[in-house]
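The values are calculated or read from the model by the stated rules, or taken from the named source; none is laboratory data. Since this is a predicted model, take the numbers as computed values, not measurements. Reconstructed Cβ throughout: ideal geometry from the backbone, glycine too, with neighbour counts over all protein chains shown.
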Number of protein chains: 6
Amino acid sequence: MALKEETREKLRRVSTPTLATALYKRGLRQQFIQEVGPLGPLTQSMVGEAYTLRYMPAREDLNPITVFRDRGHMQRRAIEECPPGAVLMIDSRKNARAASAGGILVTRLMMRGAAGIVTDGGFRDSAEIAAMDFPAFHVRPSAPTNLTLHQAVELNGPIGCGDAPVFPGDVIVGDADGVIVLPAELADELADEATEMTAYEDFVTETVRGGRSILGLYPATDPQSLEDFSAWRRAKGR
Amino acid sequence: MALKEETREKLRRVSTPTLATALYKRGLRQQFIQEVGPLGPLTQSMVGEAYTLRYMPAREDLNPITVFRDRGHMQRRAIEECPPGAVLMIDSRKNARAASAGGILVTRLMMRGAAGIVTDGGFRDSAEIAAMDFPAFHVRPSAPTNLTLHQAVELNGPIGCGDAPVFPGDVIVGDADGVIVLPAELADELADEATEMTAYEDFVTETVRGGRSILGLYPATDPQSLEDFSAWRRAKGR
Amino acid sequence: MALKEETREKLRRVSTPTLATALYKRGLRQQFIQEVGPLGPLTQSMVGEAYTLRYMPAREDLNPITVFRDRGHMQRRAIEECPPGAVLMIDSRKNARAASAGGILVTRLMMRGAAGIVTDGGFRDSAEIAAMDFPAFHVRPSAPTNLTLHQAVELNGPIGCGDAPVFPGDVIVGDADGVIVLPAELADELADEATEMTAYEDFVTETVRGGRSILGLYPATDPQSLEDFSAWRRAKGR
Amino acid sequence: MALKEETREKLRRVSTPTLATALYKRGLRQQFIQEVGPLGPLTQSMVGEAYTLRYMPAREDLNPITVFRDRGHMQRRAIEECPPGAVLMIDSRKNARAASAGGILVTRLMMRGAAGIVTDGGFRDSAEIAAMDFPAFHVRPSAPTNLTLHQAVELNGPIGCGDAPVFPGDVIVGDADGVIVLPAELADELADEATEMTAYEDFVTETVRGGRSILGLYPATDPQSLEDFSAWRRAKGR
Amino acid sequence: MALKEETREKLRRVSTPTLATALYKRGLRQQFIQEVGPLGPLTQSMVGEAYTLRYMPAREDLNPITVFRDRGHMQRRAIEECPPGAVLMIDSRKNARAASAGGILVTRLMMRGAAGIVTDGGFRDSAEIAAMDFPAFHVRPSAPTNLTLHQAVELNGPIGCGDAPVFPGDVIVGDADGVIVLPAELADELADEATEMTAYEDFVTETVRGGRSILGLYPATDPQSLEDFSAWRRAKGR
Amino acid sequence: MALKEETREKLRRVSTPTLATALYKRGLRQQFIQEVGPLGPLTQSMVGEAYTLRYMPAREDLNPITVFRDRGHMQRRAIEECPPGAVLMIDSRKNARAASAGGILVTRLMMRGAAGIVTDGGFRDSAEIAAMDFPAFHVRPSAPTNLTLHQAVELNGPIGCGDAPVFPGDVIVGDADGVIVLPAELADELADEATEMTAYEDFVTETVRGGRSILGLYPATDPQSLEDFSAWRRAKGR
C-alpha cells in the first residue's frame, strides 16, 4: 500500500499533535515515539513510509571493526536499500550509549532520496547531521561507533521504536514535537481528518489571539463557533 | 498575600541560582523544580504567583475526547481562571509521555495576562509555544493529547511539580536555569536579599573578568573586597 | 606526560566519533562520557589534560554556606589550581539535582587559561556560561548551590565521569557530540590515527555528496576507493 | 456505592491477572499499580474499598518532627479515619526514598479493621509489618521518616498510585502479583466475570497438567474444550 | 550444534559468576542478563539451548483479546514449539508493565519438557509459577495480560534480553544470581573451564573457611596454593 | 574515635527507622543508603565502623583478569585490611551491572571478624552469601566479575554509597529496612536517644495492639500517655 503523493502533501501540513488526537479518537494511544526529537530545525515536516532496521545488543566477538568490510552488513544495506521517499526507522532498544549511525551514512541516505531517519538511540556527528537539510530524529548525540553496543540484525521487519510499534510501510510523520507512526491503512483518512482539524485549530488560534475565550470555541460547543468558522474558511479559501 | 509589584520587579532582576542560595541559607533545599527548562529563549525572567492544576492518571472510560465539551473541564477552567499575573503550575506527575497542554490553551493563557506556565511533563505544539513571547517551561515536547495519560482533577490546591512543593500563592521565578518556588511569606525578603547578593555577584564577575582570584573575593573574606565593592556600588549607582 | 602542543592541535581537528572508533579498535569502549553536552555552540573543539575534582554526597552539618569562607575549600581550590590548558573534570556522581559550579567560578577558570570544564551533573548560571567563549559540558542546568548535594572531597585523583574512567593527565576532547577521554599514553598515536581517519572520512563525505554509494568506499574495500583517495589527498594537499 | 460482602468474597477467590484481563476487555489498561508487591506472604488476597491519602513533596520548614503533635495531621487522621474493611491507598508519587508509614501506624490500621495498606513508596519497620497478618504492599523498605520527603495533604480524594488512577470507593484487590484497582461501579460484574474465568482457568490448568496442549483449549476454540469444561464443573460442583 | 548432555551436566554444577569470569577472559562482557532473577528457589541450575520469542510494542487495534483464538498466535506457538530441553527466552524490551506470560502457559511449557523460561519483563501468576519445580526468571511480577503492551512477532530469531545478545541455540544457564548466555560454539569449552575453576574455587572457599588469607591463594600466586589444591583434589576425588 | 562496645550493643537493639528519625531531628536527611537491602534474613542488626573501598569505572586495558595476581590490588587489600568489627562499605557508583565482590571474598571478610559488608551495587554468589551468618547488603545479585565495570581505586577515604555520605569511622547500622550511616561523633548520643525512643515505641506498639488510638499516644501529647509509659517501664524494667 504505497503512500499517495496527495496524502504525503496533506501530512506535511498537519502537526504530530493533531495526528495524535486523531489516532486517540480511534483508540490508538501508543503511536508517538517517546523521547525523540529533531537534531536541527526542520524546514518542513518529515513524511514517509517506514523502512526499518533492527539492532540487537552487540556481542563483542561478532563485531570487530572489520565487519563493515562485508557489503552485506545490515546497517550498510539499510542505508543503500531504504527506498526514496521512505523514512529509515531504527530500533536501537532506546539505548543511546552508542551511536545508531553517523554523518556519512546519513549523507548517503539523503543523497538516495530518503525522507528522513529516526532512531530511539543517538547519532554521532550530530552537528554535521543537524546542518543538513534532511530530517533526523534521535534521543541525544552519541560518539561511540554502533558496533560498541548495537548489532544490525534485520531489515524491514516489525520493530519497536521509542515504545511505539512500527510496521514496514507505516506512515511516519515528524515535526518539532517529535515523531508519530500512522498505521498504513489509516494514513489517508488520518490525513483528511487532520487537515480538517488543522483548519479549525488555525481558526481557533486566530480567534483566541483576538481575545476570545476557549469556552464554547474549543471544542465548538457554541453553535456560533461553527458559523464563525464557516465564514473564516470562506474568507481564507480553506 | 498578594505579590507586591515592587517584589515582582526585584525578582525579575535576580537569577534562580541566587534565589536557590538564599533559600538554602534558610534550610529550604527542595524548591527547585527538577528537569524543567524553558521552551524558547526568554526575553525576561518569569515571575508570578502560583495557580495550580493537578493531573491524576487518566482512566480510559472517563476520558473520551468528548470530555472537552464540558465547560467545567478542569484543564479548560485552569486556563480561563488562572489570574492575570499568575503562573499556571501543572502537576503532571513528572510524566511527559502525553502533553500537559498545547498551543491554543497556552495562547489563551497568554492573552488572559498570565505570567507563564510550567509543567513537569511536556507541551505539544512546542515550536509554536516557543515562538510566543510567553514564558513556558517543561521537560520535553510531547504530542499526545493530555487525555491519553492525564486527568485534570483539582484547581489551585497544593501540588508537587518536579519534586518541589508548590502551594497556591507561592511565588514562582523562572529563567534559563529553570524554575524555583518561593514560599509566599518569604518572597519579599528573598527578593531583597537576592537583590543585594546580585549586586555583589555582578561586582565579583566584573572583578574576576579583570583577572582577580576568587579567593578572598567570593565570598568576601578579604576586607578589601568589601571596600572595593562599596566603591563599585557608588560608581555604578547600585 | 605533558600533552604535546602538536597533539593538541591535531586533536582539535578530529571529532569525538573518530576518536571513539580509534579507541574501539584498541578495545576501549567506555571512554565516552554519557549524557553530557556543550552548554553553548563551540567555536572550536575542547582539548586538554584532565585535572579532576571529586564530589561526594553532602552531609548537611558539614556544608553550611559558610564553608566557602575557607580558602582551602576543595571546589575553590580546583578552580584556582587547575593548570592552564587543562580541562577541569568534575565527578558529580551523575547527579544534576544541584549545581556542580556556576558562572563566577567558570569565569575565573576561563581567565586562568583552562581549556574547559566538564561535569556529569549540571551548571547554574547556564545562560551566562553558554555565552562565554569557553567550552563547558554538563547534563542540564541546575540552580541549587553545589552544597545542597555535593561536597568537594578530592583534587586530581582518579574519578568516574558519566560512566567513563578519568585519570589525571588523560587527554580530554569535547565537541558537539560530547566528551571523550583519551588515556594519556595513547594520546599521540590516537591523534595521528584520527587525523588519517579524518582525511579519509572527509574524502568519503565529499564523494558521497557527489552521489557515490558507501559500498566499497566506506570502508575502502574497493581498491579504486584508495586510488581516488590518494588523488584527492594530492589535490587537497592533505 | 458500598462493596457488597458477596462481591468481596468472590474477589478474594480470583487473581489480579484474571481481573486485569477482565478490565482489558473493557478497554481499561492502566488499573494495575506498577512496581508494588506484598511485604510478606499473604494468607489471603486483600480486598477492600479505597480510602486515600495524598502526599506532596515536603517543605522543610513545614515539617519539623513536632508536626505529629497536631492531632489533625493528615497522615495520622488517615490511620484513624480509614473505615473498617477499606484499603488505605497512599499516593507517595512513586518515591520510596522516605517512608510512607511505619509499624506503629500499620498496627493501628490493622487493629481498626482495615483490609490493607498500599503505597507506591516504601514502608519502614518492614520486617515488623511483614510479620503481621495484615496485607501491606509497597515498592521497597525505606527507613527515613515520611516527613523527610512527604507532606500529607489530602484525605480521600482522587489520586495516582503506581501510575494507576484511584478514586475513593474503587475496589482494591491485592495478591502475590501486586495490586489492581477496580472502578467501583464495575466491581460486581468484574467479580462475577472473573469468577467464571477462574473456573475455566482452573480447569485448563488441571487439563494442561494432564498433558494436553493449550491449542484449542486456552482459549476454548475447540468445542470439545467447552464440553470437557462442563463435565469438569459438574464433577467439581463449580 | 546441539548441546551435549555431558556439557549440560557440567554446566549444572558451575555457577553463573564462574561462567561470567570465563567469558570475561574471552572478551565477552555483555552476556549476563541484567535485572532478572528466579521467581522461586531453584532446586538445580537451569541449563538449555535458547529458543526465542520476540515481542514488539502492542498496537491496540491488532491486539483484542480474541487474537488468542488464532492457533498461529506467536506467543502460543512459542509455548507449543519450544523444544524439550530448551529455554524459552523472551525479549520483552525490558518492560515489565504487562506480563510476558502466565501460569497456564508456563505449566504447558514445563509439561512439554522445556528446561526453563526467561523474560526481561515480568510474569503474572507469579506465586503459582514460583511454586512449580520449573526454573523461571523475570524482573518482577506483572498482572496485566501481555496484549496490553506486547505483541508476539517472531520465533527463534536473534534477540536482546536484559541487554544481553541471545542467538537461537546459545546455551543458557540460570541460578540464584541470574541468567547468563553462552555462545553456542563456546559452550563445551566454557563448561570444561568452569568445571576446573569451580574445583579451585571450592578448594579456596574451604581453605578460607579454615582461616587462610586470600593473598597468594586467590588467585594462586603462591606455589604452595597449587600444591595444596592438588592434594585437595586427590583427597576429594575431583 | 573508636566505637564503644556499649554503643555497639545499644545500636544492635534499635532500628534504622528510629535512628533515621533521630538524625532527622538533627537536620541530617541523607544518611540512609538508598535501594540497598540484606541478602538473607539477619540474625541480628549489623553494627560497625565504616571502612571504605571506592570503585571507579573500569578501563579495559587496566583490568585484565591477571590484575588479581597483584597482592596490592585494592579490592583484595580491602578484604584483608578491613579491621575486625568494621563494616566494609563499597562505593560502586550505584552500578549493579557487575559484581562488587563474591562469595570467597565475603567469606574471608567474615573470617577476619568484620561486622558486615555493604555495596550500592551487587554481589555475585548471592545465594552462598545469603546463607552465611554474616550481614551483607546490596541492590541485587550480579554475576559478572567486578573487573567488568569496577576498578578499585582507594581504601578508606570518604565515599558516597547509595546517595549517602560515608566517612571512614562513621558508624554503620543495618537491618531489614536497609543501612544507615551515623556520623562518628554522634554515634554515642544517637545510640542513647534511639534507645529511649525504642522503649517508647515498644510501649506504643503494645498499647496500640491493645486497641488504643495513636492520637495523644504517638507522639505523647496526652499526659496520660507518659504516665502509662512510666508505669510500663517500671513493669518491664526498661
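Quick look at the values:
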read-out	value
Condition check for residue C:18: of a type in the set (Ser, Thr, Tyr), within 24 Å of residue C:162 (Cα to Cα) and in the same structural domain as residue C:174 (by TED's automatic domain parsing)	no
Segments classed as helices (runs of 4 or more DSSP H), wholly inside segment B:1-111, with at least 2 members that are buried (at least 21 other Cβ atoms within 10 Å of the Cβ)	B:16-25, B:74-81, B:103-111
Test for residue E:11: is it of a type in the set (A, V, I, L, M, F, W, C), in contact (Cβ under 8 Å) with a residue 60 or more places away in the chain and within 24 Å of residue A:60 (Cβ to Cβ)	yes
Any hit, segment D:137-144, residues being under 17 Å from the mean Cα position of the chain (by Cα) and of a type in the set (Lys, Arg)	yes
Filter result for residue E:130 (surrounded by fewer than 24 Cβ atoms within 10 Å (Cβ to Cβ) and in the same structural domain as residue E:63 (by TED's automatic domain parsing))	yes
Residue C:209 vs. criteria at pLDDT below 95 and either touching an Asp or Glu at 6+ places or on another chain (Cβ under 8 Å) or not aromatic (Phe, Trp, Tyr) (or both)	no
Residue list for segment E:52-79, filter: closer than 20 Å to residue E:112 by Cα, out of contact with any helix residue (DSSP H, G or I) (no Cβ under 9 Å at 6 or more places or on another chain) and touching a residue at least 60 places away in the same chain (Cβ under 8 Å)	E:74, E:77
Condition broken by residue E:89, with the remaining ones in (1) under 16 Å from the mean Cα position of the chain (by Cα); (2) on the phi > 0 side of the Ramachandran plot satisfied	(2)
Every residue from segment A:200-214 that is more than 8 Å from residue B:108 (Cα to Cα) and surrounded by fewer than 17 Cβ atoms within 10 Å (Cβ to Cβ)	A:202, A:206, A:210
Sole residue being modelled with pLDDT of 95 or more, out of contact with any strand residue (DSSP E or B) (no Cβ under 9 Å at 6 or more places or on another chain) and basic (Lys, Arg), chosen from A:124, A:59, A:112	A:112
Every residue from segment E:1-38 that is among the charged types (D, E, K, R), within 11 Å of chain F (Cβ to nearest Cβ) and under 21 Å from residue F:128 (Cβ atoms)	E:35
Criterion (touching a Cys at 6+ places or on another chain (Cβ under 8 Å) and under 30 Å from residue D:63 (Cα atoms)) met by exactly one of D:119, D:148	D:119
Filter result (touching a helix residue (DSSP H, G or I) at 6+ places or on another chain (Cβ under 9 Å) and within 19 Å of residue B:3 (Cα to Cα)) within segment B:83-108	B:85, B:88
Test set (1) of a type in the set (Phe, Trp, Tyr); (2) within 16 Å of residue F:167 (Cα to Cα); (3) more than 14 Å from chain D (Cβ to nearest Cβ) - residue F:68 fails condition number	(2)
Residue check for residue F:47: over 13 Å from residue F:136 (Cα atoms), more than 10 Å from chain D (Cβ to nearest Cβ) and at pLDDT 95 or above	no
Residue among B:76, B:54 that alone is of a type in the set (Lys, Arg), more than 14 Å from chain D (Cβ to nearest Cβ) and within 28 Å of residue D:30 (Cβ to Cβ)	B:76
Qualifying residue in segment B:214-232 (condition: β-branched (Val, Ile, Thr), at pLDDT 95 or above and closer than 30 Å to residue B:73 by Cα)	no
Subset of segment F:191-211 (residues that are among the small types (Gly, Ala, Ser) and at the interface with chain D (Cβ under 10 Å from one of its Cβ atoms))	F:210, F:211
